[in-house]
Each structure stands twice: as structure tokens, then as C-alpha cells.
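**Q** Below you'll find the structure I mean.
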Amino acid sequence: MSTPVPQAASAFALSAVRTGRPVVSGGLARLVDEVAFLNGHNLHKAGEVHIPTRPAGRTVLEGLAHRAQVPWSRSPGVQTVRVAVELHTSNELADSQTIAVALPTGAAWIDDGGMDGTTALYNPPRGRTAPREIVGWCDVSGCTAGALTDVWEFTVTPTAKGAGLRRATVTEVSLAAFEVGSGEPCLDAAAVRSGRLVVSAWTQQVYACLDAARAGYRQHRCVSGLESDDATGASTTPHWSREASSAGPLDWLATSGATDPAWYFAPRALYGAATSGNWQARVRYRTSSGTGCQIALAFEAGDITSGAWVGAGSGVVTSSIMLPGTSGAWAWVDQAAVIPVDGPLVRVAVDSAKGPGAGQLLSVGCIALIEAEL
Amino acid sequence: MSTGERIAAVYIPTPPSASGHMPDGAPLDSGSVMIAHSNLSHLSERNVRLVGHMPLAGEITLDSTFTVPWGEAIDVAYDVASDDPANGRMGTIPWSPGCAESFGPLVLSATRIGTAPAGYYPRKVRVVVQGYKSSETIGGNDTRMYIMAALTTGPDTPLRSGLYVTGYAQRTAATPGARTFVLDLDVAAPVRPSASWRSRGSGLEAPANTTLSPAWVWVGWYSNTVSVPDRVESVSVFEVYQ
């Protein structure tokens, strides 16, 4: 038996279930539909990796072995994920690379699309504007739903002329139907046909499905770029970085004069404006020495009015994350973060970073936030 | 707006499902059912997806967004008749790397009801670009900066893909300075599934494929500055429930 998954939320008036009204199967069927929409169709869109070509004077992407990370938390209902990458253009002969994807624990390829670590993937010709997505499909039914440490790691091994990865993206695939009785977060549609008895197990499952849609659904906000073994200094590194041990901005590889970037998103604000959201901050970084570093993220709720950010009453909340020295190895550090929601939007920025000091470098590959509703 | 009525615009906490809240024989009271309906409606509205976020490179000029990109393009040519972003004709730029980025796909989810035409409409997708307009004038004319966005039916550029909807914002040298551009991509019509994706492993009773409505978000920029560049500094793409 299976329960269909609609692709739209369903309308409903509460007057249909007020005291004294007869219980009809339609009201219960709406519960089935809405649960199926939430847990089977409206699934996670994980963050994305974008790796533009490096500015002049920096280590170039061409021929540089590199990696990219997409943190991800499986939603309770999803079975399959669509993984896609795009490559930079190039006119060089023998411009190819292999791409290997390290899958989260429990995931298995249905079709790797050539992202197997051995297939030579050639760069599209320079000047071609049509993107060429290389797409794979992955069975994630064996992954742990709600885990906060899963990640998709793309390892790119180019030839001397391989131009490298331009973009990587991960999307959970909506379902056509749920398998009833297999532990999937759904309600049995057949159980609420007219004339059937509704049993307690079914009503208990309503609350389990509500929780799956509330706490199992996690927003993914991710700024992810390049990581490599390149160990050049602050002026030529291809990574986002900071050298000085004093608190200051990250070098985002932008042109001089550019304001540090900030990003925006719409928070869920499930419990009203006064109850902040629980998130997990994840930072992928490397320090060239054993000296610990630090990065501080700034969150503020508010809205954009006439082209300018207007903060809400709760003000800026800063979350400082200590980055232990890694002596040249890339590592993750995770820390809980509380984000205010007393505005329709949230603004996220890197407030400041502290590097290891002169001649050494803090490199950053990914700054992600994944909702961690309890 | 939620399509389903809510008791209040908040999620009302409920007992854990394993707590024996409704044992056999207990009445399924209207209050509990109302709370369940209200919570589901609230979640359908609020479970918006964040599509993509990235820093951008900074300076942009006519050379970097028009002259060089069109000069390099080998599979598309500039057509002045298609250069009218204010009216949805997105041919100002070739949408190549350096003057555009794409995000997605995301699977469109209908959570709004519309009447003209009647049906369920997908959530709006919002594009926010942090930028800066310079004060450069050329020959006494203000320079211009465009931010453009499009929601497409396929991964190809807005010049070749089907378009669900486009968006556009302009800033001139008459109003220089930092600007946070907001473009809402509002598909104000029902959409039909346009692709079939693998949604399960094999060997199960439920279908292994799903027909659905994937969409890609394209964000592009144009500047006709020459000596004092405009800047684009970050882009954020996400669904909104307002």
C-alpha cells in the first residue's frame, strides 16, 4: 500500500472540525494530504558550492587539485538526492578532471553520472554559455534523518590543464508516494476512507508526522567555496583567508573597496517573533600552524527597506567560534547558534576573524548554518 | 498567506507521539484535531527552502558584463530586440560566467491560492544582491547598473530555457552608493510538472520516479561604467512565505 504525495498544500477551514460538527472522513483525509505534502514533497534544498575563477595574482584553478563541501541533513521522508556539478570552461587541450564524491554514511549511488573518481570529465569550450550539468542520483534511504554532521565532499583531480569545478548542488527529490508501514513519516490514506474505524495508532502517527515536519525539516544556509592543499601566503592563496591575529575581516578575494558580503534568508519563526531559532554553525577551515584562530558570525533579524537593511529590535547577535590550530589540515568545527527571528528576514555576516599571525594563514572553505530545531 | 486556516500564526506544541496522548477508546476531540490542522497549515507556509548563497567578486564594468562576455560567446549572439529586461527580455547579457550565476534546482511547491488564473501558485523566490552603484557619468549621461533574475524551467540560461518569471532592478549614477537589491520571482499562475526525476531505489511498491516542477534561479548583472566600477558583493536566493 502507498499514500500519494500531493505537490501543493491543501486549503482547509477549521470550522469543519469544531465541536458539535459530525466527524467526516474528509477532515482526516486532509491530515493525510498535508502530512504527505510536508514530509514527501516540500523537502530540503541543501546549500551550494560556487567556485569562481581566482582573481589575478592568486593561485589559479587550472591544474589545482581541490575539494568542495556541501553540508546536509537528511529530511525524514526523502529517499533520493539529485547531485549535480558544473565545470569551468577551457580551450586547452587535455583539459579534464575526475570528480569523486564522498557520500554521507548510508548513501549509495543509483547512478553516479561519471562522478566516480575515474571518468575523465572534459571542460566545456570557452565562450559556451549553455551550462552542462553532470548529474548523479543517490539513494539516501540509509542515511540518518536529522544528522547535523553529514556532508557531500567533491574531490576534483585535474590534469595539468583541467579547469576545475564551477558549481556543485544537492537537492532532495520529492516523492510520488509513501510506503505505508515501512517507517516513512506518513499517514495511511486508506485508513480514513468512509466507514472505516480510526484507531489510536493512526492518531498517534499524526503527532509523529507533525514532529517530522516541524523538527525534521531543517533550513540549510551555506556559503561554500574552494579548499585545496595550496599553502601559499595571504597575497596569493586561492582560499578565503585571514593572516593577522587581530580581529578583522576575512579576505573574500573581492576587488579592493568592496564591502564585506552579507547574506539574507527568511527564517521559519515557528513559535512567533519572540522565540529565536536553534541552528548549528559549521565551519570548514585550515590553519597553517598550530595556533588557534577564531571566527565570529553576526546574525540580525529585520527587513530590507528602500534598498537598505533595517534591523529589528533584538539587535545583532554575535556567535564566536573558536578554531583550534590544525597545522595544515582541513577540519570541521561545529557550534550551536541561536538566531533571532523578530523580522521577516535574517541577515548573516562574518563579523570578524582572527588569524594565526604574521607569515601564517587561516583558510576558510565553508561557513554553513543548518537548522537544529529540537 | 497559509492556504489552510490557523488558530494562530504559530506552531502550537503538542505532546510527544509516544506519550499515550490518545489511547484506544479515547475520544478524538475537535480541539486536538484543530491543533493538528492548524500546525500543519503553519508548517506548509513556513517550511521555506534556502536555495543558495555566495560572495561575488566585486567590481563590474561594461567590459566585464557586456563587451567581453558577448565577444567571447560562441553559442549566442547579441540581439538588441532581446535587450529589454524591464519587459522580461533578458538579452542584455549572455548569462555567462562573470556576469551571471545559476542556483538550484529546487522543486517548486505550491502553497498559495490564486484566482486569476485559478489554482495553486508556487512560493515566491526572493533574490537579494548586495551591490554598489558608482557616480560615474559618461558624456554627461548617468551610467546604469542592472540586476536581473529569472526562474527557468531548465538548467540552461534565461535566453534559451523556458521562463517562469523574470525580475529586474536598475540603479543609475544619479543615486550612487551601497544598495541591497531585492527581486521577488513570483510565479502567479499554477505550474504543471515538467520533469521526471528518480525518487526511490528500485524494488519497492511506491513509484521510483516522480513527475515534478524543477526550477533554476539565474542572477545576472550589467554595468556600463568604464573607469569607476560598480560592484556586486553577494547574492542570496531563498523562498519566502509572505
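Read-outs: derived from the displayed coordinates by stated rules, not from any lab. Not measured: the values here are computed from a predicted model. Positions of Cβ are generated from backbone atoms using ideal geometry, with glycine treated the same way; all protein chains shown enter the neighbour counts.
**Q** Which of A:LYS45, B:LYS124 comes first, and how do the rest follow, when ranked by fewest Cβ neighbours within 10 Å?
**A** Arranged by neighbour count, lowest to highest, A:LYS45, B:LYS124 become B:LYS124, A:LYS45.
**Q** Once each part is reduced to its C-alpha centroid, what is the distance from segment A:306-335 to segment B:60-84 in angstrom?
**A** What the calculation gives is 38 Å, centre to centre.
**Q** Excluding residues on the same chain fewer than 8 positions from B:LYS133, give the lysines whose Cα lies under 30 Å from its Cα.
**A** Cross-link targets: B:LYS124.
**Q** Hey, another quick one. Nothing charged except the Cβ atoms of Lys and Arg (+1) and of Asp and Glu (-1): what's the magnitude of the dipole of segment A:230-374 about its Cα centre? Round to the nearest 20 debye.
**A** Magnitude of the dipole: close to 240 debye.
**Q** So if R0 is 35 Å, what FRET efficiency would A:GLU92 and A:THR318 give, r being the distance between their Cβ atoms, rounded to the nearest 0.05?
**A** So the FRET efficiency works out to roughly 0.20.
**Q** Could I ask something else about it? Could you work out how far helix A:200-214 tilts from the main Cα principal axis of chain A, as a 0 to 90 degree angle to the nearest 10?
**A** So the helix axis and the longest Cα principal axis differ by about 30 degrees.
**Q** Still on this model: I want to check the label-to-label distance for A:ALA147 and B:ALA189. Put each point 7 Å from Cα in the C-beta direction and report it in nm to one decimal.
**A** Placing both labels 7 Å along Cα→Cβ, they lie 4.4 nm apart.
**Q** Calculate the spin-label point distance for A:ASP303 paired with A:ALA215, positioning each point 7 Å from the Cα along the beta-carbon direction, and give it in nanometres.
**A** 3.2 nm
**Q** Can you sort A:LEU28, A:LEU148 by how many other beta carbons sit within 10 Å, fewest first?
**A** A:LEU148, A:LEU28
**Q** Which value, in debye to the nearest 20, describes the size of the charge dipole of segment B:92-175 about its Cα centre when Lys and Arg Cβ atoms bear +1, Asp and Glu Cβ atoms bear -1, and nothing else is charged?
**A** 320 debye
**Q** By how many degrees, between 0 and 90 and to the nearest 10, does the Cα long axis of helix A:25-36 differ from the longest principal axis of chain A?
**A** It is inclined by approximately 10 degrees.
**Q** Placing unit charges on C-beta atoms (Lys and Arg positive, Asp and Glu negative, everything else neutral), compute the dipole magnitude of the protein assembly as shown about its Cα centre in debye, rounded to 20.
**A** Once rounded to the nearest 20, the dipole reads 800 debye.
**Q** Still on this structure: FRET efficiency for B:LEU163 and B:ILE138, Cβ-Cβ distance as r, R0 = 41 Å, nearest 0.05?
**A** Computed FRET efficiency for B:LEU163 and B:ILE138: 0.85.
**Q** What value in Å³ per residue do you get for the convex hull of the alpha-carbon atoms in segment A:197-300?
**A** Enclosed volume per residue, from the Cα hull, is 193 Å³.
**Q** Equivalent-ellipsoid semi-axes (√(5λ), Cα gyration tensor) for segment B:1-101, whole Å, largest first?
**A** 56, 16, 11
**Q** While we're here: How large is the Kirkwood hydrodynamic radius of chain A, in angstrom, based on all distinct alpha carbon pairs? Kindly include the intermediate steps, with their values, before the conclusion.
**A** Numbers: mean 1/r = 0.0438 Å⁻¹.
Evaluated on chain A, it is 22.8 Å.
**Q** Mind giving me the FRET efficiency for A:ALA201 and B:LEU204? R0 is 30 Å, r the Cβ-Cβ distance, nearest 0.05 is fine.
**A** For R0 = 30 Å, the calculated efficiency reads 0.85.
**Q** Roughly what % antiparallel, to the nearest 5, for the DSSP beta bridges in the protein assembly as shown?
**A** Looking only at bridges with both residues in the protein assembly as shown, the antiparallel portion is about 95 percent.
**Q** Would you mind counting up the charge near B:GLY177? Only other residues with Cβ under 12 Å from its Cβ, with Lys and Arg at +1 and Asp and Glu at -1.
**A** Once all neighbours under 12 Å are counted, the net charge is +3.
**Q** Still on this structure, I have one more. Give the angle, between 0 and 90 degrees and rounded to the nearest 10, that separates the Cα long axis of helix B:30-46 from the longest principal axis of the Cα atoms of chain B.
**A** Once rounded, one gets 20 degrees.
**Q** What nm value, rounded to one decimal, do you get for the distance between A:ALA190 and A:THR105 when each label is placed 7 Å out toward the C-beta?
**A** Between A:ALA190 and A:THR105, the simple spin-label model gives 3.6 nm.
**Q** What length, rounded to one decimal in nm, is gained on full extension from A:ALA244 through to A:TYR271, with 0.36 nm per residue of separation minus their alpha-carbon distance? Intermediate results must be reported in sequence, preceding the final value.
**A** Details: separation 27, 0.36 × 27 = 9.72 nm, distance 4.13 nm.
Taking A:ALA244 through A:TYR271 to full extension adds about 5.6 nm, to one decimal.
**Q** Mind sorting B:TYR78, B:TYR120 by how few other Cβ atoms lie within 10 Å of their own Cβ, fewest first?
**A** Least to most surrounded, the residues fall as B:TYR78, B:TYR120.
**Q** Please name whichever of A:PHE265, A:ALA298, A:PRO356 sits farthest to the positive end of the charge dipole of segment A:230-374, dipole taken about the Cα centre and charges placed at Cβ: Lys and Arg +1, Asp and Glu -1.
**A** Result: A:PRO356.
**Q** Please give the direction-averaged projected area of the C-alpha convex hull for segment A:230-374, in square nanometres with one decimal.
**A** It is 9.1 nm².
**Q** So, one more: How much length, in nm to one decimal, is gained on full extension between A:SER235 and A:VAL24, taken as 0.36 nm per residue of separation minus their Cα-Cα distance?
**A** Details: separation 211, 0.36 × 211 = 75.96 nm, distance 7.00 nm.
Between A:SER235 and A:VAL24, full extension yields an extra 69.0 nm.
**Q** Hey, for a label at A:ALA130 modelled as a point 7 Å past Cα toward Cβ, could you say which residues of segment B:165-196 have their backbone N under 20 Å away?
**A** Of the residues in segment B:165-196, B:195-196 have backbone N under 20 Å from the label point off A:ALA130.
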